[in-house]
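**Student:** For reference, the structure I am asking about is given below.
The values are calculated or read from the model by the stated rules, or taken from the named source; none is laboratory data. The model shown is predicted, which means the values in this text are computed figures rather than measured ones. Counting neighbours? That spans all protein chains shown, and the Cβs are built from the backbone with ideal geometry, glycine included. Ligands, DNA and RNA are stripped out before the accessible areas are found, and what is left, the full protein with its side chains, is counted by its heavy atoms. Shrake-Rupley method; radii C 1.70, N 1.55, O 1.52, S 1.80 Å.
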Amino acid sequence: MSDVRDLLIRCSEKVIGHYRLLLVGAKTESERQLYQSRIEREQRLLGELQGSLPDRFAA
């Protein structure tokens, strides 16, 4: 289970990095808003992944 969660965390971090690159190259305000909202959404999901340990794994 932990391996899958670690993979999802790494993938989410990579997605955030890609959206940041797109944000830097955004040509319009609507593009910037779109990429920023996607970054924020992905960061929320990442936070949930990093903070969600099943009870049996919690120390």
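**Student:** Failed condition for GLU13, given (1) modelled with pLDDT under 95; (2) surrounded by 11 or more Cβ atoms within 10 Å (Cβ to Cβ); (3) among the acidic types (Asp, Glu), with all others met?
**Tutor:** Just one mismatch for GLU13, condition (1).
**Student:** Kindly provide the set of residues from the stretch 21-31 that are in a helix (DSSP H, G or I), exposed (fewer than 13 other Cβ atoms within 10 Å of the Cβ) and of a type in the set (D, E, K, R), ordered by number. Please lay out each step first, then the result.
**Tutor:** Start the filter on the stretch 21-31 by keeping residues that are in a helix (DSSP H, G or I), which leaves 21-24, 29-31.
Cutting the leftovers down to exposed (fewer than 13 other Cβ atoms within 10 Å of the Cβ) gives us 21, 24, 29-30.
The one that is in a helix (DSSP H, G or I), exposed (fewer than 13 other Cβ atoms within 10 Å of the Cβ) and of a type in the set (D, E, K, R): GLU29.
**Student:** Find the residue count for the stretch 21-43, including only residues that are among the charged types (D, E, K, R) and touching a residue at least 12 places away in the same chain (Cβ under 8 Å). Quick ask: steps written out before the conclusion?
**Tutor:** Narrowing the stretch 21-43 to residues among the charged types (D, E, K, R): 27, 29, 31-32, 38, 40-42.
Now drop any that are not touching a residue at least 12 places away in the same chain (Cβ under 8 Å), which leaves 38, 42.
Final tally of qualifying residues: 2.
**Student:** Pick from the stretch 32-56 the residues that are open to solvent by 60 Å² or more (accessible area, probe 1.4 Å) and of a type in the set (D, E, K, R): which of them is modelled with the lowest pLDDT? Explain how you work it out, then say what you get.
**Tutor:** We begin by selecting, within the stretch 32-56, every residue open to solvent by 60 Å² or more (accessible area, probe 1.4 Å); these are 32-34, 36, 38, 40-41, 43-45, 48, 50-51, 53, 55-56.
Filter once more, so that each one left must be of a type in the set (D, E, K, R): 32, 38, 40-41, 44, 48, 55-56.
On the way: ARG32: 98, ARG38: 97, GLU40: 97, ARG41: 97, ARG44: 96, GLU48: 93, ASP55: 46, ARG56: 43.
In this case the residue turns out to be ARG56.
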